[in-house]
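Report on the structure given below.
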Amino acid sequence: MKRLRLFYFTLFILIPAFTLSGLCFAGNKVPDKNSYVIGCGDILEIITWKEPDFTREDVLVRIDGKITFPLLDDVQAASITPIQLKKAIEIKLKEYIDNPVVTVNVTNPSSQRFYILGEIVNTGEYPLVKQLTVLQAFALAGGFTEWAAKKEIILLRKENGQEKLYRVNYKDIAKGKNLNQNVLIRADDTIIVP
């Protein structure tokens, strides 16, 4: 009973601390799997061909999802692809430059993180550098502690502005049952192992 209370405490009290990143909407949209969606905390390099005054390295996407760019002030960057940002900057730069050609590179995808809490060997924040499943996330975090409730794992995900809860039964997956529970991890997902 004490363990169950601790689990619910974690679920309803501590999780909001990890989901404050919801202020920036990175990872909440389901992009085309071949497109990267820029998120808060990402570092960008923006190059304007033959225009060194409009070329910037280490441009931080702020928590409000915007970047600051010379003469353009704030430009929305989060929740769009680098190609969409490129086009938006080119349109705005036409006021100052004839035929601007812009390249947007994501040099540090810091917004691509997920979290594992609870009865796992190495709890914390992990980079999402490739397509990763729930099982692979457990392996990355060092596996379960001896007290882990492997049938009661929860994955919290923000979709369309709402918190969604997915149940994961590790024992079923290990037996080859309900393999659809071995979902791909998305940015800002939180996995709780009670």
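The values are calculated or read from the model by the stated rules, or taken from the named source; none is laboratory data. A quick note: this is a predicted structure, and the numbers were derived from the prediction, not measured. Heads up, the Cβs are rebuilt from the backbone with ideal geometry, glycines too, and the neighbour counts pull from every protein chain shown. We work out accessible area using only protein heavy atoms, side chains counted, and drop any ligands, DNA or RNA first. Shrake-Rupley method; radii C 1.70, N 1.55, O 1.52, S 1.80 Å.
A few comments on the model shown:
- Relative contact order of segment 126-177, pairs being alpha-carbon contacts under 8 Å that are 6 or more residues apart, as %: 27
- Projected label distance in nm at residue 108 and residue 95, using a 7 Å step from Cα toward the beta-carbon: 3.0
- Gain on full extension, evaluated as 0.36 nm per residue between residue 152 and residue 50 minus their Cα-Cα distance, stands at 31.0 nm.
- At most 13 other Cβ within 10 Å, DSSP loop - GluC sites (Glu not before Pro), segment 128-184: 146
- Only alpha carbons enter this Debye calculation for segment 46-194, each as an equal point scatterer, and the log10 of I(q)/I(0) it gives at q = 0.16, 0.19 Å⁻¹ is -0.85, -1.04.
- Å² of accessible area per residue within segment 90-183, as computed with a 1.4 Å probe and no ligands counted: 60
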